[in-house]
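To start, the structure itself, in structure tokens.
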Amino acid sequence: MTITGMSPYRGGNVLIVPAVMTQTVGAGTWVSDVSDVYRTRLYNSSGSDSDEITVSFWCPGGTYTLSIIGAKASSYGILDIYIDNTEVASFDRYNSTTLYGQGTADSQASISITPGLHTMKFKADGKNAGSSSYVVSVNAIILACTSFSFNPGTVIGNFDGAFPLILPAQTLLYHAIPIQGTVAVVGQTPAFFNSAFYIGSDAVNDQADFYFSLPRGNYTIDAFFPKYSSTGIFDVLIDDVVVLNDIDMYNASTTWHNNATDTFTINTTGQHKFTLKCVGKNASSSHYFMQIETFVIERTS
């Protein structure tokens, strides 16, 4: 699927992955999980009409194409999407056979959003006559900016409030400053499922830097990455201080969506340096390659 405005541009695209975001359940039972076929997903296991859940996100404002990525199946219902309690889109997720990671022309809508912190609600609202239940499943919501209401800067956004800063592979590639090694996006498409930002001259000290703006506060950082028999060990640094240390990406067989998490503090509002660096490799690994699917940075206070 081609999403207008996905890349390249600076500061305006918002990728929302509900399964790794703070959620407020309004009705029903909702589950976040990761599997080889569904990838990272959020769905209502209760499968009832009017099940709903809300997440928060920060947006710089403008006109956006909203796209849903998620499975369709014979038991799936109609998914309504609300922004700030106003319905902006409705998608029928029924299909007679199960389809994974579906993002098609009938899964898009054009919307306008003001700058600032917003809520996004997912609600099961009826079903196709052929469907057996009201399950709705979301892998990701993409907001691709078609018209800015602000002047995009030269860093990855200027963020304020309780929001996730989500940096998928394509965003990392576009903003990367290679210090040592070559950078690319490798794997499958679209870039937020089974694709990864790659650094690889195959040497210790391979490094890429990124610059972004954050307000002072306390944060959590999550790294999602594949493991291979040929990948190394990496550190993540912010302003040259290690926040994720000695993350071993080696595994004898390939696995996706592995996770490492930690906390850090920003003392001064403004631009900060984000560094991804190879610091070695497992004795069993054949190379020093590094691959990152997504970074998620969320302000906690």
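Worth a mention:
- Meets criteria (at pLDDT 85 or above and in contact with a His (Cβ under 8 Å, 6 or more places away or on another chain)) for ASP84: yes
Let's see how each residue does on (1) within 16 Å of ARG299 (Cβ to Cβ); (2) at pLDDT below 80; (3) of a type outside the set (Phe, Trp, Tyr):
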site	(1), (2), (3)
ARG216	yes, no, yes
LEU237	no, no, yes
MET249	no, no, yes
TRP256	no, yes, no
ASN259	no, no, yes
THR269	yes, yes, yes
LEU276	no, no, yes
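- Looking only at the range 195-215, and only at residues there that are of a type in the set (Gly, Ala, Ser) and in a strand (DSSP E or B), the one that is nearest to CYS278 (Cα to Cα): ALA208
Residue-by-condition table, conditions (1) assigned by TED's automatic domain parsing to the domain that holds THR182; (2) among the basic types (Lys, Arg); (3) touching a His at 6+ places or on another chain (Cβ under 8 Å):
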position	(1), (2), (3)
VAL243	yes, no, no
MET249	yes, no, no
THR263	yes, no, no
ILE266	yes, no, yes
LYS273	yes, yes, no
LYS277	yes, yes, no
SER285	yes, no, no
ILE292	yes, no, no
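- Looking only at the range 108-150, and only at residues there that are in a strand (DSSP E or B) and of a type in the set (Phe, Trp, Tyr), the one that is modelled with the lowest pLDDT: PHE148
- Check on PHE224, part of a strand (DSSP E or B), buried (at least 19 other Cβ atoms within 10 Å of the Cβ) and in contact with a helix residue (DSSP H, G or I) (Cβ under 6 Å, 6 or more places away or on another chain): no
The values are calculated or read from the model by the stated rules, or taken from the named source; none is laboratory data. Computed from a predicted structure; not experimentally measured. Reconstructed Cβ throughout: ideal geometry from the backbone, glycine too, with neighbour counts over all protein chains shown.
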